[in-house]
Amino acid sequence: MSTSFFLNGVLVEATSNKTTPLLKVIRDEFFLTGTKSGCETGECGACLVLLDDIAVNSCLVLLGEIEGKTITTIEGLNKDGILDQVQVAFAELGALQCGFCTPGMIIAAKALLMHNPHPTRDEILIGLSGNLCRCTGYEQIVEAVESILPYRTK
């Protein structure tokens, strides 16, 4: 039995078992590898996706839970070859190094800004707190988010 959902704006059907983690479905069935497999316990944030515009750890969401829902991965933020303003800010301000945590950080920032277009620095820190980065020290990441305030959806 398949599960239908919207993936980056396209209605898709996944054929994996309903108890398969969404992370595995995204990577193995749809070959979207921007969503990273890190800890697989919901602690690192590398696998963040937007589920109906809420950031979730895709390693903790089962395929059977997303019937009819909308999933947006890092690849889905790019519209018609144009990067999302959060992606641009991260690139322009050097808010990445090895890049492993970057997709999750961008998804976390996007979710924060979608729900709070005027976050304070403390709110940005809280919004990104579920993401681990071993390279940047977080300062450039916070600065990238601050650089696009107030956030305006397009």
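Matching residues to (1) of a type in the set (A, V, I, L, M); (2) at pLDDT below 95:
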site	(1), (2)
Val61	yes, no
Leu77	yes, no
Gln87	no, no
Gly99	no, yes
Met105	yes, no
Asn131	no, yes
Gln140	no, yes
Tyr151	no, yes
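Does Thr72 qualify as being surrounded by fewer than 16 Cβ atoms within 10 Å (Cβ to Cβ) and under 26 Å from Cys135 (Cα atoms)?
On the way: surrounded by fewer than 16 Cβ atoms within 10 Å (Cβ to Cβ): no; under 26 Å from Cys135 (Cα atoms): yes.
Considered against the rule, which asks whether it is surrounded by fewer than 16 Cβ atoms within 10 Å (Cβ to Cβ) and under 26 Å from Cys135 (Cα atoms), Thr72 comes out as no.
Right, Leu93: in contact (Cβ under 8 Å) with a residue 40 or more places away in the chain, over 14 Å from the mean Cα position of the chain (by Cα), closer than 19 Å to Asn131 by Cα and surrounded by fewer than 22 Cβ atoms within 10 Å (Cβ to Cβ) or not?
Details: in contact (Cβ under 8 Å) with a residue 40 or more places away in the chain: yes; over 14 Å from the mean Cα position of the chain (by Cα): yes; closer than 19 Å to Asn131 by Cα: yes; surrounded by fewer than 22 Cβ atoms within 10 Å (Cβ to Cβ): yes.
Here the answer is yes, as Leu93 does meet what is asked.
Give the number of residues within region 1-41 that are without any contact (Cβ under 8 Å) to a residue 60 or more places away in the chain and part of a loop (DSSP other than H, G, I, E, B).
Filtering region 1-41 down to residues without any contact (Cβ under 8 Å) to a residue 60 or more places away in the chain leaves 1-2, 10-33, 37, 39-41.
From the residues that got through so far, the ones that are part of a loop (DSSP other than H, G, I, E, B) too are 1-2, 15-20, 30-33, 37, 39-41.
Total satisfying the criteria: 16.
List pairs: first residue in region 127-154 and in contact (Cβ under 8 Å) with a residue 40 or more places away in the chain, second residue of a type outside the set (A, V, I, L, M, F, W, C) and surrounded by 15 or more Cβ atoms within 10 Å (Cβ to Cβ) anywhere in the structure, Cβ distance under 7 angstrom, at least six positions apart or on different chains.
Listed pairs, sorted by first residue: Gly130/Gly45; Asn131/Gly45; Asn131/Gly104; Leu132/Gly45; Ile148/Gln85.
The values are calculated or read from the model by the stated rules, or taken from the named source; none is laboratory data. Predicted model only: the values in this text are computed from it and were never measured. Quick reminder, even Gly has a Cβ in these numbers, built from the backbone with ideal geometry, and neighbours come from all protein chains shown.
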